[in-house]
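Input: a single structure, listed below in structure tokens.
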């Protein structure tokens, strides 16, 4: 987990830099780091556009404007950092923002710049199911991103979350909204895909502990998942039960979902993407032989708790 080459005196400042620091997961990582690190840099293209979560009312001392697609801005942002977290994610390709460019090339650039700056710890956020040999462009890019980061930064740690849930997420919140609206709920396929959804704050806490060096470990891959495995059908039913809603579930072929997702990607506000459909074709469950939240001393929250949180905020 530690890169010994090219260390600088700046490492003593204990700065942790989070790329994607205003995103769904990134802003929560920043918040979790505020009481663990000497200084936190939240890096994004528009650092003041989004709020940063922090119950104490404090704010990170630095909000940095940088584009992970621009190597020169990367170098400036990581300078003096003890640890760097790459929480940048892309779900829909737009122009030069492709899965290959963001999840592979830019990830390699960031890892290389971090190594050259003498950064001690590098955390790459990936996802359970990432596979460099997948036929899905998105899943393949996430898997290849892991490979190039490890090659560029020896000792880098890969964190693979399961499907993340929490207020303002794009998964559980969407299901909760739809089961309230629809008398008939369409499933992905027959609803048999196995999922192990995890509370986003639990993942953020895991990353902040790894980035701050709070947990000493030689493990290079962590898979962070919730306490229970559901089939997709079971998960929708559980959410409906928590919301006290009666729902009729109807299977819908993946081919039909792919057609809908292709059309949805042309809309200004994308609610469904082809990579989301691809992800739902395969189980999203943590491996038994890899460490996760428990090994980091974190007790994962249940979906029942998360649904209650979402309901309070909607």
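The values are calculated or read from the model by the stated rules, or taken from the named source; none is laboratory data. All values reported here derive from a predicted model rather than from experimental measurement. Here the Cβ positions follow ideal geometry from the backbone for every residue, glycine too, while neighbour counts run over all protein chains shown.
Check region 142-152 and report whether any residue there is under 13 Å from the mean Cα position of the chain (by Cα) and outside any strand (DSSP E or B). Yes: region 142-152 contains one or more residues that are under 13 Å from the mean Cα position of the chain (by Cα) and outside any strand (DSSP E or B).
Please verify whether residue 275 is more than 19 Å from residue 184 (Cα to Cα), without any contact (Cβ under 8 Å) to a residue 12 or more places away in the chain and either in contact with a helix residue (DSSP H, G or I) (Cβ under 7 Å, 6 or more places away or on another chain) or part of a loop (DSSP other than H, G, I, E, B) (or both), treating the condition exactly as stated. No. Of the residues contained in region 289-299, one or more are found to be more than 27 Å from residue 33 (Cα to Cα) and surrounded by fewer than 18 Cβ atoms within 10 Å (Cβ to Cβ). Selection of strands (runs of 3 or more DSSP E) fully inside region 1-75 by the criterion of at least 1 residues being under 18 Å from residue 214 (Cα atoms) and either touching a strand residue (DSSP E or B) at 6+ places or on another chain (Cβ under 6 Å) or at pLDDT 95 or above (or both) returns 15-19, 39-44. Scanning region 296-305 for residues that are farther than 13 Å from residue 228 by Cα and within 19 Å of the chain's Cα centre (by Cα) yields 296, 298. Any residue in region 223-241 that is buried (at least 17 other Cβ atoms within 10 Å of the Cβ), in a helix (DSSP H, G or I) and at pLDDT below 95? No, because not a single residue in region 223-241 is buried (at least 17 other Cβ atoms within 10 Å of the Cβ), in a helix (DSSP H, G or I) and at pLDDT below 95. Counting the residues of region 79-124 that are assigned to a loop (DSSP other than H, G, I, E, B) and at negative phi gives 13.
Looking for something modelled with pLDDT of 95 or more, in contact with a strand residue (DSSP E or B) (Cβ under 7 Å, 6 or more places away or on another chain) and closer than 27 Å to residue 254 by Cα - is there at least one such residue anywhere in region 152-160? Yes: region 152-160 contains one or more residues that are modelled with pLDDT of 95 or more, in contact with a strand residue (DSSP E or B) (Cβ under 7 Å, 6 or more places away or on another chain) and closer than 27 Å to residue 254 by Cα. Inside region 273-294, residues that are over 18 Å from residue 197 (Cα atoms) and assigned by TED's automatic domain parsing to the domain that holds residue 233 make up a count of 2.
Within region 172-221, which residues are surrounded by fewer than 20 Cβ atoms within 10 Å (Cβ to Cβ), assigned to a loop (DSSP other than H, G, I, E, B) and out of contact with any helix residue (DSSP H, G or I) (no Cβ under 9 Å at 6 or more places or on another chain)? Correct list: 182, 183, 213, 216, 218.
Any residue at all in region 256-263 that's in contact (Cβ under 8 Å) with a residue 40 or more places away in the chain, surrounded by 21 or more Cβ atoms within 10 Å (Cβ to Cβ) and in contact with a strand residue (DSSP E or B) (Cβ under 7 Å, 6 or more places away or on another chain)? Among the residues of region 256-263, at least one is in contact (Cβ under 8 Å) with a residue 40 or more places away in the chain, surrounded by 21 or more Cβ atoms within 10 Å (Cβ to Cβ) and in contact with a strand residue (DSSP E or B) (Cβ under 7 Å, 6 or more places away or on another chain), which makes the answer yes.
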